[in-house]
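J.: Got a structure here, written out as structure tokens. Questions coming.
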Amino acid sequence: QVVNYAPFTLLPSAVPSALFEQAYAVQQDFNLLVDAISQNKEFLEHALASTIEVDDFTARLFRIHMQVLEEGLAQSVFLGINRSDYMFDCGVDGTPALKQIEINTIAASFGGLTSRTGAVHGRVLKVLGKSKEASRLLPNNPSKGLALGIAKAWELYGSQSAVVMFLVEEVQRNIFDQRCVENELWNRDIRVIRRRFRDVFEKGSLDDTKRLYMDGQEVAVVYYREGYVPKNYDQQNWEARLLLERSRAVKCPDIATQLAGTKKVQQELSRPGTLEKLLPGRAEAVARIRATFAGLYSLDMGEEGDKIAATAIADPDRFVLKPQREGGGNNLYGEELRQVLEKIRDSPERTSYILMDKIKPQPAMNYLLRAHSPLQVSKCISELGIFGVYVRQGKEMVMNMAVGHLLRTKAIEHADGGVAAGVAVLDTPYLV
């Protein structure tokens, strides 16, 4: 009743090779940046100050972060699995440029399924008599890279008998994507268990050295595939989250890294001088990162926020209004953006959003293959994600790499939403 094939495009989509290479080249810089933000209490406190006042979800995450810091971090190994998402913006002169949409620092999905998508498109091209084109599709196996990071963190945790725990939702539509990563770990003789927040609340415990136990098994790594939206939490789940955060187990992500991925932090990073402070002495990395930024604007209370709100109300098609939420399908565009902004323009509630320049990609034709959907050619746009993995032990960066890519494509009438939201489909880049 619940199993369906994942939606995908009939044909691979053209992606400019220079922009594809640029996205890969900057991923290690983004890994370093996310890690630096997660360790910078003052920056997070300052960046999220206005958001915490009006957004209860971010505030609760932040309170757990502060509580864990006050107790003293039990965790000494840190694992980041993130995915930086981009679109190709066609400027006034039509030259495409790589522009970052967001960086996902928790539950970044589809590393497993996209590891299989290239083979599907290779087969389709061969059936069409395009063997030469099929041979140009790039190998891509993020699930192996994600597992490599988890395995390294497990190894550095230093207990052979400990398990890796995937923290999953009550009903898991995207289970096969996770299984790809899980199987890679079993292949390395690393035991994997799957548990929900509810299980952690009922059966999780810490010993006096803050080692985490589930059903009597020591847990070395907690890999979150849930916990990124308010509806994932009730009072019990918040208590379970606090228990996990207080433990020695390697959390992917720990709560500071989850906060580093918020939209408000993204907007703060675009302020002049911020990147230089977070990545001192790394001028080239800063330049590579900054080159991918789209225009991002603060809606904080005050003259600057008033001015940008008025601009957006007057010309809503230039912008996207983003709340502090992950998981796709939350952004506002056009008339809807204008209505919401008009309603909250004079209220502190506006500080829980950021405003971003709307990116205008060049559409292309493709067929989107979805279960129970009619087959028709659609005008489509694509979004490229690069998976990054890093492991830090104490102050030492032990691993920092880009481990693969994800291309998602949707029909242009859908402004917002990813694959899990039922809008985008899986795709493969065909470099041009």
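J.: Please report the carbon-and-sulfur percent of the accessible area for the range 298-358; probe 1.4 Å, protein heavy atoms only, DNA, RNA and ligands left out. Don't jump to the answer; show the numbers that get you there.
T.: Numbers: 1250 of 2860 Å².
That fraction is 44 percent.
J.: Evaluated at 25 °C with a viscosity of 0.890 mPa s, what Stokes-Einstein diffusion coefficient in µm²/s does the range 137-233 have when Rh comes from the Kirkwood expression over alpha-carbon pairs?
T.: 171 µm²/s
J.: Right, another one. Using the reciprocal of the averaged 1/r over all distinct C-alpha pairs, how large is the Kirkwood radius of the range 217-287 in Å?
T.: 14.6 Å
J.: Okay, next question. Please tell me which of these pairs span more than 26 angstrom C-alpha to C-alpha: 144/263; 343/379; 144/231; 263/358; 152/263?
T.: On the way: 144/263 28 Å; 343/379 33 Å; 144/231 30 Å; 263/358 15 Å; 152/263 29 Å.
Flagged as over cut-off: 144/263; 343/379; 144/231; 152/263.
J.: So, R0 is 35 Å and r is the distance between the beta-carbons of residue 277 and residue 60; what FRET efficiency does that work out to, to 0.05? Mind dumping the intermediate values first?
T.: Values: r = 27 Å, r/R0 = 0.78.
It comes out at approximately 0.80.
J.: Positive end of the dipole of the chain, charges at C-beta (+1 Lys, Arg; -1 Asp, Glu), about the Cα centre: which of 98, 12, 165 has its Cα farthest in that direction?
T.: 12
J.: Still on this structure, I have one more. What are the ³J(HN,Hα) couplings of the range 401-411, residue after residue, when phi is run through the Karplus curve with 6.51, -1.76, 1.60 and θ = phi - 60°? Round to Hz, x for glycine and proline.
T.: 8, 9, 10, x, 9, 9, 10, 10, 10, 9, 5
J.: Which of these, 64, 386, 81, has the largest mean-square fluctuation under a Gaussian network model of the chain (Cα springs below 10 Å)?
T.: 64
J.: At 1.4 Å probe size, with every protein chain present, just tell me what the per residue accessible area of the chain comes to in Å².
T.: Working: 18740 Å² over 432 residues.
So the chain comes to 43 Å² accessible per residue, rounded to a whole number.
J.: Separate question: Could you give the length gained on full extension between residue 311 and residue 208, defined as 0.36 nm per residue of separation minus the Cα-Cα distance, in nm?
T.: Using 0.36 nm per residue and subtracting the Cα-Cα distance, I get 31.5 nm.
J.: Right, something else. Calculate how many DSSP beta bridges within the range 298-358 are antiparallel, expressed in % of all such bridges and rounded to the nearest 5.
T.: About 100 percent, rounded to the nearest 5.
J.: Multiplying the sequence separation of residue 347 and residue 432 by 0.36 nm and subtracting their Cα-Cα distance, what value in nm do you get?
T.: Result: 25.9 nm gained on full extension.
J.: What are the residues whose amide H is under 5 Å from the amide H of residue 101, where those residues sit 5 or more places off or on another chain and H is modelled from the backbone?
T.: It is 85, 86, 87, by chain and number.
J.: While we're here: With the Cα gyration tensor of the range 298-358 giving a ≥ b ≥ c as the square roots of its eigenvalues, does the rule (a/c under 1.5 for rounded; else a/b larger than b/c for prolate; else oblate) give rounded, prolate or oblate?
T.: Oblate is the answer for the range 298-358, as a/c is 1.5 or above yet b/c matches or exceeds a/b.
J.: In the Gaussian network model of the chain, springs joining C-alpha atoms below 10 Å, which of 153, 310, 23 carries the largest mean-square fluctuation?
T.: 310
J.: Apply the Karplus curve 6.51 cos²θ - 1.76 cosθ + 1.60, θ = phi - 60°, to the phi angles in the range 361-374 and return the couplings in whole Hz, x for Gly and Pro.
T.: x, 7, x, 9, 8, 7, 9, 9, 8, 10, 4, 6, 10, x
J.: Pulled fully out, how much extra length does the chain show between residue 93 and residue 234, if you take 0.36 nm times their separation in residues and subtract their Cα-Cα distance? Please list the in-between numbers first.
T.: Details: separation 141, 0.36 × 141 = 50.76 nm, distance 5.01 nm.
Difference between extended and current length: 45.7 nm.
J.: Tell me, what HN-Hα J-couplings in whole Hz come from the Karplus equation 6.51 cos²θ - 1.76 cosθ + 1.60 at θ = phi - 60° for each residue of the range 249-264, using x for Gly and Pro?
T.: Result, ordered by residue: 4, 6, 8, 10, x, 6, 5, 5, 6, 4, 5, 5, x, 5, 4, 5 Hz.
J.: Now for a separate question. Just order 109-119, 85-95 by mean Cβ neighbour count inside 10 Å, highest at the front, would you?
T.: The peptides rank, most packed first, as 109-119, 85-95.
J.: Tally the DSSP beta bridges in the chain and give the antiparallel ones as a percent, rounded to 5. Working shown, then result.
T.: Numbers: 57 of 73 bridges.
Roughly 80 percent of the DSSP beta bridges within the chain come out antiparallel.
J.: Please list the non-local residues whose amide H lies under 5 Å from the amide H of residue 15, H modeled 1.01 Å from N, same-chain partners needing a gap of 5 or more.
T.: Sorted by chain and number, the residues that satisfy this are 430, 431, 432.
J.: Per DSSP helix of 4 or more residues, -39500 (n - 2.57); summed, then divided by the residues of the chain. What does that give at 222 nm, rounded to the nearest 500?
T.: Rounded to the nearest 500, the figure is -11500 deg cm²/dmol.
J.: Same structure, new question: Could you tell me which of rounded, prolate or oblate describes the range 73-217, using a ≥ b ≥ c as the square roots of the eigenvalues of the alpha-carbon gyration tensor, with rounded for a/c under 1.5 and, failing that, prolate when a/b is larger than b/c and oblate otherwise? Show your work: numbers first, answer last.
T.: Numbers: a/c = 2.52, a/b = 1.84, b/c = 1.37.
Verdict is prolate for the range 73-217.
J.: Please say if the range 1-60 is rounded, prolate or oblate, where rounded means a/c under 1.5 for a ≥ b ≥ c the square roots of the C-alpha gyration tensor eigenvalues, and otherwise the choice is prolate for a/b larger than b/c and oblate otherwise?
T.: oblate
J.: Do you know the relative contact order of the chain, to the nearest whole percent, from alpha carbon pairs under 8 angstrom that are 6+ apart? Don't skip to the answer; put the middle values down first.
T.: Details: 846 pairs, mean separation 121.1, N = 432.
Over the chain, the number comes to 28 percent.
J.: Near residue 210, which aspartates and glutamates are there with a Cα under 12 Å away, not counting those fewer than 8 places off in the same chain?
T.: Hits, sequence-local ones excluded: 71, 218, 245.
J.: Using the basic label-point model (7 angstrom from Cα toward the beta carbon), what is the residue 132 to residue 304 distance in nanometres?
T.: 5.4 nm
J.: List the GluC sites (Glu not before Pro) within the range 93-170 that DSSP assigns to loop and that have no more than 16 neighbouring Cβ atoms inside 10 Å. Show your work: numbers first, answer last.
T.: Working: sites: 102, 133, 155, 169, 170; in loops: 169, 170.
In loop regions of the range 93-170 (DSSP not H, G, I, E or B), the sparsely surrounded GluC sites (Glu not before Pro) are 169, 170.
The values are calculated or read from the model by the stated rules, or taken from the named source; none is laboratory data. Everything quoted here is computed from the prediction, not taken from an experiment. Positions of Cβ are generated from backbone atoms using ideal geometry, with glycine treated the same way; all protein chains shown enter the neighbour counts. In case anyone asks, the SASA skips ligands and DNA or RNA and just uses the protein heavy atoms, side chains included. Shrake-Rupley method; radii C 1.70, N 1.55, O 1.52, S 1.80 Å.
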